[in-house]
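Asker: Have a look at this one.
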Amino acid sequence: MRCPFCAHDNSQVKDSRPSEDGTSIRRRRQCEGCGARFTTFERVQLRDLTVVKRDGKREPFDREKLRRAIGHSTRKRDVTAERVDQLVSGVQRQLETQGDEVTSVQIGEAVMAGLKTIDHVAYIRFASIYRDFTDPADFAEIAERVEKEGVPANQDKLL
């Protein structure tokens, strides 16, 4: 593993343990060149995913981009970073079972389904961007629909 500080090619694993949600392994490493310590995460990847955007462009699936998008929706809400990571892992596993190419629509729908079980406000925030709300009535409509369906049954429910 290349050192992020000095770009030396070799590092030594000092500690290795599973993450809290069990979907990755956290490794503490020490650079053999400069002695700096850093952390890496290892995750299972079933396949390389390609995202087909609405305009037809293709790009590699970016887990961090998905995490940031969900993070914007959950900002200042009672949703932990671990819960966001669980949602991202669940969405990624779901997408990997669908094939090598997934559409941005499939990703958006999977995220919305997950957010709906976690936090209704985060769900509405994400929907406002994903569905491109242009009118206050769009917010009222989705809020009314969410209110009819009730409060998330179990906010700690795993995907």
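Asker: Assuming Met1 fulfils every condition listed in (1) among the aliphatic types (A, V, I, L, M); (2) in contact (Cβ under 8 Å) with a residue 40 or more places away in the chain; (3) farther than 17 Å from Ala122 by Cα apart from one, which condition is it?
Answerer: Single failed check for Met1: (2).
Asker: Next up: If we keep just the residues of region 113-132 that are out of contact with any helix residue (DSSP H, G or I) (no Cβ under 6 Å at 6 or more places or on another chain) and not basic (Lys, Arg), which is farthest from Thr80 (Cα to Cα)?
Answerer: Applying the filter and picking the extreme gives Asp132.
Asker: May I pose another question? List, please: which pairs have Cβ atoms under 6 Å, are six or more places apart or on different chains, and start with a residue in region 101-123 that is assigned by TED's automatic domain parsing to the domain that holds Lys76 and end with one that is acidic (Asp, Glu)?
Answerer: Taking only residues 6 or more apart or on different chains, not a single pair turns up.
Asker: Test each condition in (1) more than 28 Å from Asp15 (Cα to Cα); (2) more than 16 Å from the chain's Cα centre (by Cα); (3) exposed (fewer than 15 other Cβ atoms within 10 Å of the Cβ) for Val52 and report the one that comes out false.
Answerer: Tallying (1) more than 28 Å from Asp15 (Cα to Cα); (2) more than 16 Å from the chain's Cα centre (by Cα); (3) exposed (fewer than 15 other Cβ atoms within 10 Å of the Cβ), Val52 fails exactly one: (3).
Asker: Same structure, new question: How many of the residues making up region 93-152 are under 24 Å from Lys53 (Cβ atoms), of a type in the set (Asp, Glu) and more than 14 Å from the chain's Cα centre (by Cα)?
Answerer: Residues in region 93-152 being under 24 Å from Lys53 (Cβ atoms), of a type in the set (Asp, Glu) and more than 14 Å from the chain's Cα centre (by Cα): 4 in total.
Asker: Here are some residues: Ser73, Ser11, Ser19. Which one is of a type in the set (S, T, N, Q), in contact with a helix residue (DSSP H, G or I) (Cβ under 7 Å, 6 or more places away or on another chain) and either over 30 Å from Ser128 (Cα atoms) or touching a residue at least 24 places away in the same chain (Cβ under 8 Å) (or both)?
Answerer: Only one candidate qualifies: Ser73.
Asker: Asp156 passes all but one of (1) charged (D, E, K, R); (2) at pLDDT below 90; (3) part of a helix (DSSP H, G or I); which number fails?
Answerer: Answer for Asp156: the failing condition is (3).
Asker: Being loosely packed, with under 15 Cβ neighbours inside 10 Å, at pLDDT below 90 and either small (Gly, Ala, Ser) or closer than 21 Å to Thr74 by Cβ (or both) is the filter here; which residues of region 95-137 pass it?
Answerer: Residues satisfying the conditions are Gly99, Ile129, Arg131, Asp132, Ala137.
Asker: Checking the conditions here, which among Arg83, Arg75, Arg63 is assigned by TED's automatic domain parsing to the domain that holds Arg125, loosely packed, with under 12 Cβ neighbours inside 10 Å and closer than 30 Å to Val121 by Cβ?
Answerer: Matching residue, one of Arg83, Arg75, Arg63: Arg75.
Asker: Can we say Val105 is in contact with a helix residue (DSSP H, G or I) (Cβ under 6 Å, 6 or more places away or on another chain), closer than 23 Å to Ile129 by Cβ and part of a helix (DSSP H, G or I)?
Answerer: no
Asker: Right, something else. For region 22-70, which residues satisfy the criterion of being touching a residue at least 40 places away in the same chain (Cβ under 8 Å) and of a type in the set (D, E, K, R)?
Answerer: Arg43, Arg47, Asp48, Lys53, Arg54, Arg58
Asker: Quickly run through region 7-26 and pick out the residues that are surrounded by 13 or more Cβ atoms within 10 Å (Cβ to Cβ) and more than 22 Å from Gly90 (Cα to Cα).
Answerer: Once the filter is applied, which keeps residues that are surrounded by 13 or more Cβ atoms within 10 Å (Cβ to Cβ) and more than 22 Å from Gly90 (Cα to Cα), region 7-26 yields His8, Ser11.
The values are calculated or read from the model by the stated rules, or taken from the named source; none is laboratory data. No experiment lies behind these values; they were computed from the predicted model shown. All Cβ positions, glycine included, derive from the backbone under ideal geometry; neighbour counts span all protein chains shown.
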